[in-house]
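Beneath this line is the structure, given in structure tokens, with notes to follow.
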Amino acid sequence: MQKNKQVRTRFAPSPTGYLHIGGARTALFSWLYARHSQGKFVLRIEDTDQQRSTEESTRAILDAMEWLGLNWDEGPYFQAERVTIHREMIRKLIDEDKAYYCVCTPEELEEKRRRALAEGRKPKYDGTCRDRKLPPSDGAVVRFRCPQTGTTIVEDLIKGKISFNNEELDDLIIQRSDGYPTYNFAVVVDDAQMNITHVIRGDDHVNNTPRQILLYEALDYEIPQFGHVPMILGADKTRLSKRHGATSVMAYKELGYLPEALVNYLVRLGWSHGDQEIFALDELIELFDLGSIGKSAAVFNPDKLLWLNQHYIKSYPEEKLLDVLRPFWKKSGLDVTDSDYGLHIVRDLKARAKTLPEMVESSLFYFTDEPPIDADAAAKFLTPEIADHLGAIADELTTLSDYSKEGIEAFLRNLAEARSIKLKTIAQPLRIALTGKTASPGLDDIMLTLGKERVSSRIRRAVSYIRNHRLS
RNA sequence: GGUCCCAUCGUCUAGUGGUUAGGACGCUGGCCUCUCACGCCGGAAGCCGGGGUUCAACUCCCCGUGGGACUACCA
């Protein structure tokens, strides 16, 4: 075992799309383990598939990593830039007779596979070219001569011991006919040469692991530790995909989720620490361990993520919340230049929103002198007999010297008492006068944020609204 | 089909042979209250099935069943 070696983990996405929820969690686990162990976290882009890899995808993945706060110590390395190294190692294997050229065509192989399946045999490569000692040629691939006897044991950090009979393994292609190495080969060479000590990846890779171990041995590399993390499923227990809703990390940013919420959600999907649900990042780094990752697949639960988002919104520092809110306000055509006003709004609203756009939506009344008055609400609460009370509030407000939350609260109560009515009686009408709606932050909060002037004019507007609609 | 993995409330999970099976989301009853939230208190809801092992199994073993992954010149 590599006892005193520095821990080195990596995240190795292929740039064929955005960073999705599943990949993000794997990256998070890998990152946390490196940080917890004071090791290094390496980012490597697996772009050996020339057809499907794009630069936009690479950019998108990097952006998402940054948004989540998963900073890397080395890289990004690009696998495609390392083909010279890969070819060198392939050369070595051929020279040692551990690999060989194969000229079977994809069509022939497909046909054999079909026939094997139809006859109920296992569809593995039949070894046609295994001992033909073929020279290199155009269109030939290179296959690894996989040991056909014995067993290969994977000591998985998460799943425990997994054993495979080598006879189940066939001679996998390590170099394609276009001269590029395949994933299973490149990943071994790169992980080994980058001194990765812990390969943490999705458990869709477990069946690749024994062949990779055999490759490590053939190349005389030290074998790293493996940890295969379970998949994330959709509500119907099938692999998470677009039809289960947003699966891209950046989509959640756009939907108004906080990175802290997504990280907290993702880490608890599979990993746990007793009954604790809320984890700050530094706490996670301190507590995280691979042993506490569960073995079974988990269903993605949008409701719980929403709850966490709400939690982080209400406990976010107000200045920070104001900052992340700005782009969302901008989308609604609002530019909050008065930071003091913005901070007041944030304070009023932070306990009442699950997402950022939701918060923007409920903040709209702060930004217009004439918030649209909900007709049903007006019909119910803006009655003729209320007009007088409202007018009185506006009038007496001018004499209120202690315009603080407590002062306003007392003012309203005293006024109600003086007029022999319940505060309840004027609360809703006043709320509608100020916001146009029946649901809002507390009256004292809104009035404080809005300021005396806005409050007075909105009340007078409501009074004339009543006159126009009810007393005509 | 073959290989491999997995299995506690609807969902995420704690549990590590003896517990009234705990927490969280969601659902729900109530409290707080100027509305809506927040918060607080309570409730319904679970060990896939069958065999063993054991004085005792959610926990260990086996077999079913169910789900998932892989089975590419994708990663």
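The values are calculated or read from the model by the stated rules, or taken from the named source; none is laboratory data. Predicted model only: the values in this text are computed from it and were never measured. Glycine gets a Cβ as well: all are built from the backbone with ideal geometry, and neighbour counts include every protein chain shown. Just the protein is used for accessible areas: all its heavy atoms, side chains included, with ligands, DNA and RNA removed. Shrake-Rupley method; radii C 1.70, N 1.55, O 1.52, S 1.80 Å.
Numerical summary
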{"read-out": "Identity of the residue in region A:130-164, within 11 Å of RNA strand B (Cβ to nearest atom) and among the basic types (Lys, Arg), that ends up modelled with the highest pLDDT", "value": "A:Arg143"}
{"read-out": "Answer from A:Glu167, A:Glu88 - the residue that is free of Cβ contacts under 8 Å to residues at least 12 places away in the same chain, more than 8 Å from RNA strand B (Cβ to nearest atom) and of a type outside the set (Val, Ile, Thr)", "value": "A:Glu88"}
{"read-out": "Residues (modelled with pLDDT under 95, among the small types (Gly, Ala, Ser) and more than 9 Å from RNA strand B (Cβ to nearest atom)) located in region A:24-56", "value": "none"}
{"read-out": "Matching entry among A:Ile232, A:Ile223 (being within 13 Å of RNA strand B (Cβ to nearest atom), closer than 27 Å to A:His36 by Cα, open to solvent by 10 Å² or more (accessible area, probe 1.4 Å) and touching a helix residue (DSSP H, G or I) at 6+ places or on another chain (Cβ under 6 Å))", "value": "A:Ile232"}
{"read-out": "Scope region A:138-168; condition open to solvent by less than 60 Å² (accessible area, probe 1.4 Å), more than 30 Å from A:Gly227 (Cβ to Cβ) and part of a loop (DSSP other than H, G, I, E, B); matching residues", "value": "A:Gly139, A:Ala140"}
{"read-out": "Count of residues meeting criterion [surrounded by 14 or more Cβ atoms within 10 Å (Cβ to Cβ) and over 13 Å from A:Leu215 (Cβ atoms)] in region A:169-178", "value": "3"}
{"read-out": "Residues satisfying the stated conditions in region A:102-129, i.e. more than 17 Å from A:Ile173 (Cα to Cα) and more than 6 Å from RNA strand B (Cβ to nearest atom)", "value": "A:Glu111, A:Arg114, A:Arg115, A:Ala116, A:Leu117, A:Ala118, A:Glu119, A:Arg121"}
{"read-out": "Selection from region A:246-267 of residues that are assigned to a helix (DSSP H, G or I) and either away from RNA strand B (no atom under 14 Å from the Cβ) or out of contact with any helix residue (DSSP H, G or I) (no Cβ under 9 Å at 6 or more places or on another chain) (or both)", "value": "A:Val249, A:Met250, A:Ala251, A:Tyr252, A:Lys253, A:Glu254, A:Pro259, A:Glu260"}
{"read-out": "Hey, A:Lys437 closer than 25 Å to A:Glu361 by Cα, charged (D, E, K, R) and either at pLDDT below 95 or surrounded by 14 or more Cβ atoms within 10 Å (Cβ to Cβ) (or both) or not", "value": "yes"}
{"read-out": "Residue check for A:Thr425: over 17 Å from A:Ser457 (Cβ atoms), among the polar types (S, T, N, Q) and either near RNA strand B (Cβ under 8 Å from one of its atoms) or modelled with pLDDT under 95 (or both)", "value": "yes"}
{"read-out": "Any chance A:Asp369 is part of a loop (DSSP other than H, G, I, E, B), modelled with pLDDT under 95 and farther than 30 Å from A:Gly227 by Cα", "value": "yes"}
{"read-out": "Which numbered condition A:Lys242 misses (of (1) within 25 Å of A:Glu66 (Cα to Cα); (2) out of contact with any helix residue (DSSP H, G or I) (no Cβ under 6 Å at 6 or more places or on another chain); (3) modelled with pLDDT of 95 or more)", "value": "(3)"}
{"read-out": "Looking only at region A:235-245, and only at residues there that are surrounded by fewer than 17 Cβ atoms within 10 Å (Cβ to Cβ) and in contact (Cβ under 8 Å) with a residue 12 or more places away in the chain, the one that is nearest to RNA strand B (Cβ to nearest atom)", "value": "A:Lys237"}
{"read-out": "Checklist (1) loosely packed, with under 15 Cβ neighbours inside 10 Å; (2) under 20 Å from A:His344 (Cα atoms) applied to A:Ala375, failing item", "value": "(2)"}
{"read-out": "Test: A:Gln212 is part of a loop (DSSP other than H, G, I, E, B) and either more than 19 Å from A:Pro76 (Cα to Cα) or near RNA strand B (Cβ under 9 Å from one of its atoms) (or both)", "value": "no"}
{"read-out": "Some residue of region A:176-190 being within 24 Å of A:Phe300 (Cα to Cα) and either of a type in the set (D, E, K, R) or modelled with pLDDT of 95 or more (or both)", "value": "no"}
{"read-out": "Of the criteria (1) more than 14 Å from RNA strand B (Cβ to nearest atom); (2) under 30 Å from A:Gly451 (Cα atoms); (3) surrounded by 15 or more Cβ atoms within 10 Å (Cβ to Cβ); (4) within 20 Å of the chain's Cα centre (by Cα), which one A:Leu343 fails", "value": "(4)"}
{"read-out": "Among (1) more than 10 Å from RNA strand B (Cβ to nearest atom); (2) in contact with a Phe, Trp or Tyr (Cβ under 8 Å, 6 or more places away or on another chain); (3) open to solvent by 40 Å² or more (accessible area, probe 1.4 Å), the one test that A:Leu93 misses", "value": "(3)"}
{"read-out": "Meets criteria (touching a residue at least 40 places away in the same chain (Cβ under 8 Å), within 21 Å of A:Lys452 (Cβ to Cβ) and either among the basic types (Lys, Arg) or touching a helix residue (DSSP H, G or I) at 6+ places or on another chain (Cβ under 7 Å) (or both)) for A:Arg352", "value": "no"}
